[in-house]
Amino acid sequence: MDPTPHVARFDAWAPVYEASALQEAFYTRLHRKVLGLASAAGPVPGRIVDIGCGTGRLLRAAAAVYADAGLVGVDISAGMLAQARAMAAPGERTAFVRADSAALPFGDAGFDLATCTASSHHWPEPAAALAELRRVLAPHGLLVLAHLQGVALWDPPGAGHVRRRGVRISSGLAVPLFDSGFRVCDAALFAECPLMPATVVLCARRR
């Protein structure tokens, strides 16, 4: 896994990442939305993986919600993972793994819940990452994906869209989700930080 300029930028950002005002204004609130959607959707998950986990903020929140769950954070940035390990609470059962979202180093069907929060726009293209997410999810597993629409090259502004529960989901995201074997069960708009509105989709594996 050769470092790219994109990865190097996050490695350099990692030591001061948690000091950003966006952490409380955006990420903490968005993580609450993601975990709330997951909690309302089904049984308590036994194993959770967070893709693009950064400094592990969502997983620290998940540890409080799902006290008995096994937690795994995945990120391509070694710097971000070093910060995540340093910030983990004593005794917290969280593993952090450096990997590309398109090549997850896990066996099939090992997780009950996968989350990905405001990092999918960094994927070069969505198909490979979504295929991997489907592969590592158990047949009953759920994916909660919070996506910044209109940012990725594969999801340009003004593209077509579909509606779920009154929420517009860009076709740039909806089509790859369907093609990768997911169905959208629920959707919500997160707009508490108006500069960075996110579409949050709850997905299940199609049988």
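The values are calculated or read from the model by the stated rules, or taken from the named source; none is laboratory data. No experiment lies behind these values; they were computed from the predicted model shown. Heads up, the Cβs are rebuilt from the backbone with ideal geometry, glycines too, and the neighbour counts pull from every protein chain shown. Remember, those area values only see protein heavy atoms, side chains included, never the ligands or the DNA or RNA. Shrake-Rupley method; radii C 1.70, N 1.55, O 1.52, S 1.80 Å.
A Cβ distance below 6 Å, combined with a sequence gap of six or more or placement on separate chains, defines the contacts here; from the range 86-100, residues that are over 17 Å from ARG47 (Cα atoms) and assigned to a loop (DSSP other than H, G, I, E, B) reach residues that are among the aliphatic types (A, V, I, L, M) and open to solvent by less than 40 Å² (accessible area, probe 1.4 Å) in the pairs ALA99/VAL74. For the range 187-207, a residue qualifies if it is open to solvent by less than 10 Å² (accessible area, probe 1.4 Å) and either in a loop (DSSP other than H, G, I, E, B) or aromatic (Phe, Trp, Tyr) (or both), and exactly one does: PHE190.
All of ALA12, ALA38 fail the test of being within 21 Å of LEU130 (Cα to Cα) and either open to solvent by 50 Å² or more (accessible area, probe 1.4 Å) or in a helix (DSSP H, G or I) (or both), apart from ALA38. Within the range 41-70, the residues that satisfy the criterion of being farther than 12 Å from THR117 by Cβ, among the hydrophobic types (A, V, I, L, M, F, W, C) and open to solvent by 10 Å² or more (accessible area, probe 1.4 Å) are ALA41, VAL44, ALA63, ALA64, VAL65, ALA67.
Would the range 7-14 turn up any residue that is modelled with pLDDT of 95 or more and in contact with a strand residue (DSSP E or B) (Cβ under 9 Å, 6 or more places away or on another chain)? Walk me through how you get there before you give the answer.
Start the filter on the range 7-14 by keeping residues that are modelled with pLDDT of 95 or more, which leaves none.
No: zero hits.
Listed residues ALA146, ALA187; which is within 29 Å of VAL7 (Cβ to Cβ) and of a type outside the set (Phe, Trp, Tyr)?
ALA146
Apart from one condition, ALA174 fits all of (1) surrounded by 20 or more Cβ atoms within 10 Å (Cβ to Cβ); (2) part of a strand (DSSP E or B); the exception is (2).
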